Amino acid sequence: MDSEDDMHDANDAESLEDYYSGDTGVDYSDDDAADYEFIDNDSDDSDDIVTSRQQKNYVVLKEADICQRQEDDITTVSTVLSIPRVDACILLRQYHWSVSNVHEAWFADEDRVRKTVGLLERPVVQFSKAKELNCGICFESYPLDRISTAACGHPFCNACWRAYMSTSIDGGPGCLMLRCPDPSCGAAVGQGMINLLASDDNKVKYARYLQRSYIEDNRKVNYGIRS
Ligand SMILES: [Zn+2]
Ligand SMILES: [Zn+2]
């Protein structure tokens, strides 16, 4: 469908600049903040959105613009803290996508932040030299190429991982806070593992949740506009 192009015509760089011009007098509180509408590429309710925009102060950002900003923030945190991008993404999600809050908390007490968020520096389970490992969920024994672990090292078979991820992703955006299935373990499971082990559908869903969380968390701060 090509209505996407039509909708975006009036919302190019020029309008973005306006919204980011940094008018500090603007009240971005919940009540006054402009509604924000995220356009799905596959959404069919474009007519409704156009109509609503005439009634309310909608800000429409292109999906690509949002992705770019999110990627840029992840790159910044990853570079400044010298951590992998997937870890930077987990941190940002936990700190509501505020780069400055991540930096502040990290440099104040890195250990505490790592613990809270579940970013382990080293595995809690010794690496086994065995050729096969038991999955901690189904208790079957599998060759190592069918076993995966988060940073903690707790072994689960790929089929159990996939089912675990599927249940979590079906349950909604809480999947963005996914942890190791071992109940005693808080190791974070980020997009890197999702992309390795989840079904294609679930990878897409997860990525969408991630993007929406970015939009939601930034909405009050960055996306408000004057009426
Ligand atoms: Zn299993
Ligand atoms: Zn674990």
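The values are calculated or read from the model by the stated rules, or taken from the named source; none is laboratory data. Keep in mind that this is a model prediction, so the values were computed, not measured. Heads up, the Cβs are rebuilt from the backbone with ideal geometry, glycines too, and the neighbour counts pull from every protein chain shown. Heads up: the accessible areas ignore ligands, DNA and RNA and are worked out on the full protein's heavy atoms, side chains in. Shrake-Rupley method; radii C 1.70, N 1.55, O 1.52, S 1.80 Å.
Looking only at residues of segment 139-162 that are over 24 Å from the mean Cα position of the chain (by Cα) and not in a strand (DSSP E or B), we find that the one that is surrounded by the fewest Cβ atoms within 10 Å (Cβ to Cβ) is 145. Take residue 166 and decide whether it is in contact with a helix residue (DSSP H, G or I) (Cβ under 9 Å, 6 or more places away or on another chain) and either more than 12 Å from ligand 2 (Cβ to nearest atom) or more than 29 Å from residue 76 (Cα to Cα) (or both). So residue 166 fits the description; yes.
Does residue 96 satisfy the criteria of being touching a helix residue (DSSP H, G or I) at 6+ places or on another chain (Cβ under 9 Å) and either in a loop (DSSP other than H, G, I, E, B) or within 16 Å of ligand 1 (Cβ to nearest atom) (or both)? Yes; evaluated as a whole, the condition is true for this residue. Scanning segment 91-109 for residues that are within 18 Å of residue 69 (Cβ to Cβ) and of a type in the set (A, V, I, L, M, F, W, C), we see that the one that is surrounded by the fewest Cβ atoms within 10 Å (Cβ to Cβ) is 99. Scanning segment 72-90 for residues that are polar (S, T, N, Q) and open to solvent by less than 70 Å² (accessible area, probe 1.4 Å) yields 75, 76, 78. Inspect segment 194-207 for any residue being assigned to a helix (DSSP H, G or I), closer than 17 Å to residue 90 by Cβ, open to solvent by less than 60 Å² (accessible area, probe 1.4 Å) and in contact with a His (Cβ under 9 Å, 6 or more places away or on another chain) and give the result as yes or no. No: zero hits. The sole residue among 132, 63 that is open to solvent by 30 Å² or more (accessible area, probe 1.4 Å) and within 16 Å of ligand 1 (Cβ to nearest atom) is 132.
Identify all residues within segment 140-153 that are more than 13 Å from residue 188 (Cα to Cα) and either within 16 Å of ligand 2 (Cβ to nearest atom) or of a type in the set (A, V, I, L, M) (or both); write none if there are none. Correct list: 144, 147, 148.
In summary, residue 156 fulfils each of the numbered conditions (1) closer than 22 Å to residue 95 by Cβ; (2) among the aromatic types (Phe, Trp, Tyr); (3) within 12 Å of ligand 2 (Cβ to nearest atom) with the single exception of condition (1). Report yes if some residue within segment 112-131 is within 22 Å of residue 218 (Cβ to Cβ), more than 16 Å from ligand 2 (Cβ to nearest atom) and assigned to a helix (DSSP H, G or I); otherwise report no. Within segment 112-131 (the criterion being within 22 Å of residue 218 (Cβ to Cβ), more than 16 Å from ligand 2 (Cβ to nearest atom) and assigned to a helix (DSSP H, G or I)), the answer is yes, since at least one residue qualifies.
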